[in-house]
Amino acid sequence: MVDVDVTLVFLIANAEDFVYKLGASRFDEMLTGCVEEGIRLLVRGRTHNDVYTLRGNAAGNMLDTLNKKFDETGVQFTRCIVTDVKLPRDLRESLETTTKIKKKLELEVKEFEFKIAEQKRASEQEVTRVNRQTEQMKVQEEGKKWMEEKSMQQKLIVANNNKDLAMIESQGKTEVMIREATASLKRAKAEAESTKVKKVMEMQAEAQAKRITAQQEMKMIVAEAKGEQTKGEKEAAAIKVQAQAEAASATTLAEKRVYELEMREKQILTELARDGRFNLIGKRG
């Protein structure tokens, strides 16, 4: 057996209908019967789990049924809420135990799923790490192989270059020795010819130098004589010009002094005439 507590909120919308058609005592009896019938209809066909979840919910179907039955009595129901559901003690304890077990099972399942996910993630990380290390080792090995190949190629190139340089150096030394011998022979012939030509040129240069020296000494004697004559003539002309200039300068200087005195006198008279200040008394007047 299930006990269901219901809270009803109603109001008397039409007092006249309520008093003459229903009354307080009949309303109480009718309300009790309608509520019990509505509760039976509410829990009928439901399992104890569904019934237990009705607590705190609004019973909309019961509210509609009550308003239809009390339609002409002046009573109007506005709210119907299931406030409590009381199951039998054995059933309630069994339901609580089942709920606890279910919750515990759900928690264990979640924990198990979490552990499985963690192990999966750790395994994936380990696989990724191993793959990454494998790739790194592969790249390192390929790099070492490539470096060894390049090193061998470089050594081969160096060996070939050294070989070519040795051959070129050997050929160069041979050519240098041939050129040096040829040059020594030419140099010996050139030195002999140069010595011969040099002796002849020295003798010719010595004779030419003596001849040039004699000519230059003669020219210098003649030039000195002409210079002395020209110097005397220039000094005489300069003395003459200086005397003439001094005579002309003396005449010009005297004329200049007279002219300046006349101009100064005229300037003083002009200033006196412009100002109109004449002093005709005393020695100055």
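Throughout, read-outs are computed from the coordinates displayed, never taken from laboratory work. Quick caveat, the model's predicted, so the values are computed rather than measured. Every residue, glycine as well, gets a Cβ built from its backbone with ideal geometry; the counts of neighbours run over all protein chains shown.
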request  = Calculate, for T7 and Q140, the FRET efficiency according to 1/(1 + (r/R0)^6) with r their C-beta to C-beta distance and R0 51 Å; round to the nearest 0.05.
outcome  = 0.05
query = So how far apart, in nm, are the two label points at R132 and K100 if each is 7 Å from Cα heading toward Cβ?
reply = 4.8 nm
key: Computed E for Q204/E233 - FRET, C-beta separation, R0 41 angstrom, nearest 0.05   = 0.40
key: Summed side-chain charge close to V109 - residues other than V109 whose Cβ falls under 14 Å, Lys, Arg +1, Asp, Glu -1   = +1
key: Stretch gain in nm, segment K256-I168, where the contour uses 0.36 nm per residue and the Cα spacing is subtracted   = 21.7 nm
ask   = Taking the mean number of other Cβ atoms within 10 Å as a proxy for protection, how do you rank 12-21, 74-83, 104-113 from highest to lowest?
value = 74-83, 12-21, 104-113
remark   = Restricting to lysines and to Cα separations under 30 Å from K86, and discarding same-chain partners fewer than 8 apart, the set is K68, K69, K100, K102, K103, K104
request  = Go ahead and run the numbers for FRET between L269 and V241, Cβ-Cβ distance against an R0 of 35 Å, rounding to 0.05.
outcome  = 0.25
